[in-house]
1. Relative contact order for the chain using alpha-carbon pairs under 8 Å, separation at least 6, rounded to a whole percent?
2. At what distance in nm do the modelled label points of Arg75 and Thr46 sit from each other, each positioned 7 Å from its Cα along Cα→Cβ?
3. Once label points are set 7 Å from the Cα along Cα→Cβ at both Asn62 and Ser35, what is their separation, rounded to one decimal in nm?
4. Mind listing the long-range amide H neighbours of Arg57? Cut-off is under 5 Å, sequence gap 5 or more, other chains count too, H placed in the peptide plane at 1.01 Å from N.
5. For the chain, what is the calculated [θ] at 222 nm in deg cm²/dmol (nearest 500), taking -39500 (n - 2.57) for each run of four or more DSSP H residues and dividing by its residue count?
6. Residue by residue through segment 41-53, what is 3J(HN,Hα) from phi via Karplus (6.51 cos²θ - 1.76 cosθ + 1.60, θ = phi - 60°)? Round to whole Hz and write x for glycine and proline.
7. Could you work out the Kirkwood radius for the chain, taking every pair of different alpha carbons, averaging 1/r and inverting it, reported in Å?
8. Looking at this model, which pairs from Lys66/Lys93; Lys52/Lys79; Lys52/Lys93; Lys55/Lys93 are more than 21 angstrom apart at the alpha-carbon?
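Readers should treat all values here as calculations from the given coordinates under stated rules, not as data from a laboratory. Note that the coordinates shown come from a computational prediction; the quantities given were computed from them, not determined experimentally. With ideal geometry, Cβ positions are generated from the backbone for all residues, glycine too; neighbour counts draw on all protein chains shown.
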Amino acid sequence: MSESENSSAPEGVNSMECGPQPLGNLLDELELDHSDLVKASTEQLTHKMVAKGRKGRRLTRNVQTKILNALNAVRGEGKPEYRLADLFTYEGKR
């Protein structure tokens, strides 16, 4: 058995973690926090969803899109729209 197969962590735990995402850096650069995105969202977006996305917890495509739409709502006039690839390093489950 390899060392990774012999670890004490339950199977599949690490597959949910994708590491820090570009979303976190982007929010820092724009000086935005979770509340700004939640307030700007016209969909049901929670602080917990944004926090998980920022930390790299794997999200569904639906939640990724909610975060993207909220970020585009606060981006400001004359600035280009963001894409999912700008915020996340993985493709969410459908």
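1. Dividing the mean separation by the residue count of the chain yields 34 percent.
2. My value for the distance between the label points is 2.7 nm.
3. Spacing of the two 7 Å Cα→Cβ label points: 2.8 nm.
4. Cys18
5. The helix-only estimate for the chain comes to -12000 deg cm²/dmol at 222 nm.
6. 6, 9, 10, 7, 10, 10, 4, 5, 4, 5, 4, 5, x
7. In the chain this quantity evaluates to 14.2 Å.
8. Lys52/Lys79
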